[in-house]
Amino acid sequence: MTQSVGTSALPLLALRGVSRNFGSLRAVDGVDLDIMAGRISGLIGPNGAGKTTLFNLIAGTLAPSAGEIRFEGRRMNGLSPDRVFHQGLARTFQVPRPFAQMTVLENLMLAAERQAGERFWNNWIRPGLVREEERAVRERAFAVLEVCALADKAPNLAAELSGGQQKLLELARVLMIEPSLILLDEPAAGVNPALLETLVDRVQHLHRSGIAFLIIEHNMDLVMSVCDPVIVMMQGRVILSGSPDTVRTDPRVVDAYLGEVTT
Ligand SMILES: Nc1ncnc2c1ncn2[C@@H]1O[C@H](COP(=O)(O)OP(=O)(O)O)[C@@H](O)[C@H]1O
Ligand SMILES: [Mg+2]
């Protein structure tokens, strides 16, 4: 079922000894991690475990204090978030950040824009090329909106969308660059059950079409039914990675994490 894009042994994303300090706090502490193509990997752990910081390191929003991050074999350390994004490694934010006063369609078209300088010169030298490109981007945007169940919202301002629809917009935005890996930070938070079902269904659909996911999520039903492997972080470290069954029954997880969140 998951053979679509290489279940080859080479990891899509590889972290080695990745750390990040904030003053004297070591928020991420020597993380080694392989994320494989063709998988929906889950990342769980108590608040403050370092999950979002790890995403920020992978996405280039934060620089690691130590360690190496490779994506599709290429070293990502030191690349800007924009460069990482256009390499095909996309992330969504825990709190969606659309351009609220732009339409849904404009938000998507903006995500697909290449370097501003490149565009500027092409506008002068090859205006026809720019128009052609713009038409292709617009077509892709409509196709992506269709996939994300947002087609009828194209002309709406992003500010008019519900919280759940903004999560779908986040997903749509990153799909514009045809990513091979998408990092989702708490996609279920604040999303009503009906929209959550749509979101999960869309993630599974995209997964079948060959996109890998790494998902931070507190909703254990979602994690255990959708993700494999499930990776557990505590106090900046990855303490465990395995199948949902392995993780669910691990005493450290039951004590320190599941016990806490089910209250
Ligand atoms: N920009 C920052 N400056 C200082 N401390 C931070 C910063 N970002 C996160 N932290 C701290 O790092 C730790 C990990 O935070 P975070 O990665 O947000 O955890 P999680 O997403 O697992 O809840 C927490 O103790 C948090 O307070
Ligand atoms: Mg977080």
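Report, in whole Å, the centroid distance computed from the Cα atoms of the range 42-59 and the range 198-218.
That distance is 18 Å.
What is the distance in Å between the Cα centroid of the range 156-173 and that of the range 133-150?
15
Pick from A27, A143, A158: which is most flexible by mean-square fluctuation in a GNM of the chain where alpha carbon atoms under 10 Å apart are linked?
Between A27, A143, A158, it is A143 that shows the largest mean-square fluctuation.
Name the residues whose placed amide hydrogens come within less than 5 Å of the amide hydrogen of M234, ignoring near sequence neighbours (fewer than 5 apart) on the same chain.
Close amide H contacts, sequence-distant or interchain: I239.
Which one, P11, L168, G45, is farthest towards the positive end of the dipole of the chain when Lys and Arg carry +1 and Asp and Glu -1 on their Cβ?
P11
If you average over every viewing direction, what projected area does the convex hull of the Cα atoms of the range 22-170 give, in nm²?
On the way: hull surface 46.0 nm².
If you wrap the Cα atoms of the range 22-170 in a convex hull and average its projections, you get 11.5 nm².
For G73, what is the net charge nearby, where nearby means another residue's Cβ is under 15 Å from its Cβ and Lys, Arg count +1, Asp, Glu -1?
Numbers: positive: R16, R70, R74, R75; negative: D34, E68, E72.
Around G73, the surrounding residues sum to +1.
Antiparallel versus total DSSP beta bridges in the chain: what percent is that, nearest 5?
Numbers: 21 of 36 bridges.
Looking only at bridges with both residues in the chain, the antiparallel portion is about 60 percent.
Just going by the charge dipole of the chain, with Lys and Arg at +1 and Asp and Glu at -1 on Cβ, which of L181, A63, L206 is farthest out on the positive end?
Checking the options against the dipole of the chain, the answer is A63.
Compute the label zone of V254 within the range 208-233: residues whose backbone N is under 16 Å from the point 7 Å along Cα-to-Cβ.
No residue qualifies, since no backbone N sits under 16 Å from the label point.
For the chain, count all C-alpha to C-alpha pairs, find those more than 23 Å apart, and express that count as a whole percent of the total. Please list the in-between numbers first.
Numbers: 18476 of 34453 pairs.
Result for the distance tail: 54 percent.
Return the ratio Rg/(2.2 N^0.38 Å) for the range 126-263, where Rg is computed over Cα atoms only. Show your work: numbers first, answer last.
Values: Rg = 18.1 Å, N = 138, 2.2 N^0.38 = 14.3 Å.
Working it through for the range 126-263, the quotient is 1.27.
Which length gain, in nm to one decimal place, applies between N77 and D201 when the Cα-Cα distance is subtracted from 0.36 nm times their residue separation? Show your work: numbers first, answer last.
Working: separation 124, 0.36 × 124 = 44.64 nm, distance 3.29 nm.
Stretched out fully, the N77 to D201 stretch lengthens by 41.3 nm.
Do you know the relative contact order of the range 149-263, to the nearest whole percent, from alpha carbon pairs under 8 angstrom that are 6+ apart? Spell out each step's value before the answer.
Numbers: 91 pairs, mean separation 21.1, N = 115.
In percent, rounded to a whole number, it is 18.
All of the numbers you see were taken from the coordinates with simple rules; none came from a lab. For clarity, every value in this text was computed on a predicted model and none was experimentally measured. Here Cβ is always computed from backbone atoms with ideal geometry, including for glycine, and neighbour counts include all displayed protein chains.
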